Amino acid sequence: MDANSCKKTVAAIDLGSQTFRLAVARILDNRPQVLASELKNVRLGQGLAANGRLTENAIKRGIETLRDFRKCLDKFRATDVRVCGTAALRNAANAGEFLDLAEAEGFNVKILSGNEEAFMSVKGVRTTLPDINDPFLVVDVGGGSSEVVLATNSNILFNWSLNIGAVNLTEEFIETDPPLPEELEKLRFHIRQKLSELSAKFSQSPKVIVGVGGTATTLVAMALGMEKYDPRRIRGYALGPQELDKLWNLLTGMKIQARRGISGLESMRADIILAGIAIFREILHITEFKELTVSDGGLLLGLLTSLIKKESDNHAEPPNTRGLYL
């Protein structure tokens, strides 16, 4: 059989509340290789917390981004594309409006439930950190929600989806630039209340806490002063409370414009990063863990590896996805 007959190109798209992400991979003789990885700060969930609807501008940005992604999909001739939406599309009263426009562009969007999102995030973590100790706690801080999942290599023990995310918390609590001390205290108190039952939910005590998603990887990028994002340096990096405190103390006293000059912090995240840091700081405080292990593989990598596995099911050997970087 000639090599080309074993070749297949697949793609996964994650429509997050803050970012849209695309990954394209080629499977050749059961060996997957990432061909392209794109990230766009869309902020689909902007204003959603206040009025329960996606704004016209947010929908427009989202559809324009999908059109950009289409160019990449066509370039690499992706034949199997999976597009999934998360909190913003789960919660918006007018999500159907976005879905119809996306369908008109050739994208069939599946809205993931909280449990499905958790499952895929854990799958991404297992791919990137195969030697992780059981049980492990996965924390995915998104724009519109945070998923907290206790898992082992074979099971999800529990999944908790909370309506606290970097975008909706920023819109609710931070009005001034730089934020006032009382705004930050109200933000932290609100997060603490939301997370107060966390430890009581553990059927087993986690041995590791893993942070996934754009907030977590951005924290490592800032801690390392990255001029150019490098997932190889992100994967498995352990952030201590002191590093989180240092970033918090630095950023809370800066205006948004000044934050945009910090290495490792994307310009479009400069206004929402404090809320993201606050969630991770409170989780470490409540669980009394000394470090947050960060994985560059969360939901998107989970979606991609599930597609790769589906395409490789007719092979005797499972595909080796450990070396995939997005």
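The values are calculated or read from the model by the stated rules, or taken from the named source; none is laboratory data. Remember, it's a predicted structure, so these values are computed and weren't measured experimentally. Please note: Cβ atoms are built from the backbone with ideal geometry, for glycine as well, and neighbour counts cover all protein chains shown.
Just a few scattered comments:
Each row is one residue, and each column tells you yes or no for (1) surrounded by fewer than 16 Cβ atoms within 10 Å (Cβ to Cβ); (2) among the basic types (Lys, Arg); (3) part of a loop (DSSP other than H, G, I, E, B).
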residue: Asn168; (1), (2), (3): no, no, no
residue: Thr176; (1), (2), (3): yes, no, yes
residue: Glu182; (1), (2), (3): yes, no, no
residue: Ala200; (1), (2), (3): yes, no, no
residue: Thr218; (1), (2), (3): no, no, no
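- Residue in segment 240-261 that is in contact with an Asp or Glu (Cβ under 7 Å, 6 or more places away or on another chain) and not small (Gly, Ala, Ser) present: yes
- Leu89 of a type in the set (A, V, I, L, M, F, W, C), at pLDDT below 95, surrounded by 19 or more Cβ atoms within 10 Å (Cβ to Cβ) and more than 13 Å from the chain's Cα centre (by Cα): no
- Among residues of segment 123-146, those that are under 17 Å from Ser203 (Cα atoms) and assigned to a strand (DSSP E or B), counted: 4
- Only one of Glu288, Glu227 that is assigned by TED's automatic domain parsing to the domain that holds Glu172, on the phi > 0 side of the Ramachandran plot and among the acidic types (Asp, Glu): Glu288
- Flag if Glu266 is acidic (Asp, Glu), in contact (Cβ under 8 Å) with a residue 24 or more places away in the chain and surrounded by fewer than 19 Cβ atoms within 10 Å (Cβ to Cβ): yes
- The residues on offer are Arg77, Arg61, Arg21, Arg43, and the sole one that is at pLDDT below 95 and among the basic types (Lys, Arg) is Arg43.
- Test result for Val220, outside the structural domain of Ser37 (by TED's automatic domain parsing), under 30 Å from Lys255 (Cβ atoms), at pLDDT 95 or above and β-branched (Val, Ile, Thr): yes
- Of all residues making up segment 38-71, the number that are hydroxyl-bearing (Ser, Thr, Tyr) and in contact with a strand residue (DSSP E or B) (Cβ under 9 Å, 6 or more places away or on another chain): 1
- Listed conditions (1) in the same structural domain as Ala258 (by TED's automatic domain parsing); (2) of a type outside the set (Ser, Thr, Tyr); (3) farther than 28 Å from Lys60 by Cα; (4) under 21 Å from the mean Cα position of the chain (by Cα) are all met by Phe119, apart from (1).
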